[in-house]
1. Does Gly399 fit the bill of being in a strand (DSSP E or B), buried (at least 24 other Cβ atoms within 10 Å of the Cβ) and either of a type in the set (Lys, Arg) or in contact (Cβ under 8 Å) with a residue 24 or more places away in the chain (or both)?
2. Does any residue of region 115-132 turn out to be surrounded by 13 or more Cβ atoms within 10 Å (Cβ to Cβ), more than 24 Å from Ser192 (Cα to Cα) and not acidic (Asp, Glu)?
3. Inspect all residues belonging to region 314-332 and state whether any of them is touching a Phe, Trp or Tyr at 6+ places or on another chain (Cβ under 8 Å), exposed (fewer than 15 other Cβ atoms within 10 Å of the Cβ) and under 27 Å from Ala190 (Cα atoms).
4. Taking region 375-396 as the search range and keeping residues that are touching a Phe, Trp or Tyr at 6+ places or on another chain (Cβ under 6 Å) and in a strand (DSSP E or B), which one is farthest from Ser120 (Cα to Cα)?
5. Condition check: farther than 22 Å from Thr121 by Cα, surrounded by 11 or more Cβ atoms within 10 Å (Cβ to Cβ) and in the same structural domain as Gly361 (by TED's automatic domain parsing). Does Ala217 satisfy that?
6. Can you name the residue in region 369-384 that is in contact with a strand residue (DSSP E or B) (Cβ under 8 Å, 6 or more places away or on another chain) and not β-branched (Val, Ile, Thr) and, of all such residues, is farthest from Val215 (Cα to Cα)?
7. Restricting to region 229-262, give me the number of residues that are under 19 Å from the mean Cα position of the chain (by Cα) and over 18 Å from Ser289 (Cα atoms).
Amino acid sequence: MSIHLESKKKLGINGIGRIGKLTLWNHLSIGHFESFVLNTGRRVGCELEDVIDYLLKDSTYGSLDRFLYGYSNQKCSVQIIDREAGLFAINDRPIKVLMEARNPRDINWARETVQLIVESTGTYVDPAAPAGEAKGSARGHLEAGAEKVIVSAPFKISDNAQKIPDDSGMFVYGINHVKYDPSKHHIISAASCTTTGLAHMIKPLLETRETSEIVTASMSTVHAATNNQKILDAVPRANDADLRRNRSVFNNIILSTTGAANALEEIIPEIKDIGFMADSVRIPISTSSLIMLNVTFKTFLTETGDPLLNRNLINDIYRKAAIGAQKDMLLYSDRQNVSSDLAGFSAAIVIEGTETHTRTGFIPVNATTLRECGVKSNVDINIPVTHAKIFGWYDNELGSYVNFLGKLTVYVDKNMP
């Protein structure tokens, strides 16, 4: 077996929770990176085999063997190279596990010759936090020798008076990733699973004349459980504001929040001119989530007085996007899907066309109101607006988010200075 330990295409992953482990799976499948360095931030198990066992199995998606080879009898080859150094290989790709440093600035990426890091702990999401922050920061990876850091979550700046620093940017592959500037951006956010799906839903609407004028919009995501929820009811920690996150995820539908609307403004700046609201409802399943997008459009009538906007037009927009600019990123379906059908499905969003609905109504505006607004008129008017409800599925873990995080990671690596 030929193993090259000093590969130029080497990826560091900080944190091997849900996103970290599945990121490794994704890149073992893609084959762009030749070796990996994983940092756990703490001792894991009793021996190296325990880490390997964790990486090879997943309760949601099955085994790594099944992910890579389907239901054939083919198996991954696994070899321990240096137990003391935490070095082993999967399918001839060296993987080194570091277990000592928790603070990013203490992880010796320079010694490991790692330039690109996927920060997947979910902890270090403030790009403005200094490298010397006592509890650690994403910027600490740069001080430790990395050149680029991709955070697998939306940026969240703790000081409201600060903005996203000039050397940082938020990108969703297929939406605004080409705005990434390798000479400028060193801390990169891959946004969130919901923002990724939502951005791909909104993009074709904004780029089509009939749907480009949005009056207002909102979305709810019916979202699978995540590890920041409790398995059984637990006592709230000090200063916990949302008591529902301490309730059992097994037994409840839990109202929650999402930063998808704020993140979407960074990805698609036009959204800042639209009144956009977003919320989340957590449900007790392990993966696959649903966006329910509500959009109100300025609209027009045909010569016969029929609404120009209808469900067929909207579905046609998505059909065209699925074979055009967003091919293999947005998919359109006329099937009647349920959540398990989308587990592992490698698209940012799958439009459930059977459930697209529209209704056109009229806003009456009398002549007096028009004159008060500076419009010279003695005639009352009715302004047509069309409300649409659009559904989109996304696998919030492996299929949608990790897949697009992987695409962005490869893009950044290919454009490394």
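1. Numbers: in a strand (DSSP E or B): no; buried (at least 24 other Cβ atoms within 10 Å of the Cβ): yes; either of a type in the set (Lys, Arg) or in contact (Cβ under 8 Å) with a residue 24 or more places away in the chain (or both): yes.
For Gly399, the condition - in a strand (DSSP E or B), buried (at least 24 other Cβ atoms within 10 Å of the Cβ) and either of a type in the set (Lys, Arg) or in contact (Cβ under 8 Å) with a residue 24 or more places away in the chain (or both) - is not met.
2. Step one: of region 115-132, the residues surrounded by 13 or more Cβ atoms within 10 Å (Cβ to Cβ) are 115-129, 131.
Now drop any that are not more than 24 Å from Ser192 (Cα to Cα), which leaves none.
No, because not a single residue in region 115-132 is surrounded by 13 or more Cβ atoms within 10 Å (Cβ to Cβ), more than 24 Å from Ser192 (Cα to Cα) and not acidic (Asp, Glu).
3. no
4. The initial filter retains those residues of region 375-396 that are touching a Phe, Trp or Tyr at 6+ places or on another chain (Cβ under 6 Å), namely 382, 384, 386, 395.
Next, from what is left, pick out any that are in a strand (DSSP E or B): 382, 384, 386.
Numbers: Asn382: 51, Pro384: 46, Thr386: 41 Å.
Taking the candidates together, the pick is Asn382.
5. Numbers: farther than 22 Å from Thr121 by Cα: yes; surrounded by 11 or more Cβ atoms within 10 Å (Cβ to Cβ): yes; in the same structural domain as Gly361 (by TED's automatic domain parsing): yes.
So Ala217 fits the description; yes.
6. Filtering region 369-384 down to residues in contact with a strand residue (DSSP E or B) (Cβ under 8 Å, 6 or more places away or on another chain) leaves 370, 380-384.
Subset that is not β-branched (Val, Ile, Thr): 370, 380, 382, 384.
On the way: Leu370: 19, Asp380: 21, Asn382: 16, Pro384: 12 Å.
My answer is Asp380.
7. From region 229-262, those under 19 Å from the mean Cα position of the chain (by Cα) are 229, 256-262; that's our starting set.
Filter once more, so that each one left must be over 18 Å from Ser289 (Cα atoms): 262.
Residues meeting the conditions: 1.
Residues are listed down the side, and each one gets a yes or a no for (1) buried (at least 22 other Cβ atoms within 10 Å of the Cβ); (2) of a type in the set (Gly, Ala, Ser):
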residue: Gly275; (1), (2): no, yes
residue: Ile291; (1), (2): yes, no
residue: Val295; (1), (2): yes, no
residue: Leu301; (1), (2): no, no
residue: Gly305; (1), (2): no, yes
residue: Arg311; (1), (2): no, no
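The values are calculated or read from the model by the stated rules, or taken from the named source; none is laboratory data. The structure displayed is predicted, hence computed values, not measured ones. Positions of Cβ are backbone-derived with ideal geometry, glycine not excepted, and every protein chain shown enters the neighbour counts.
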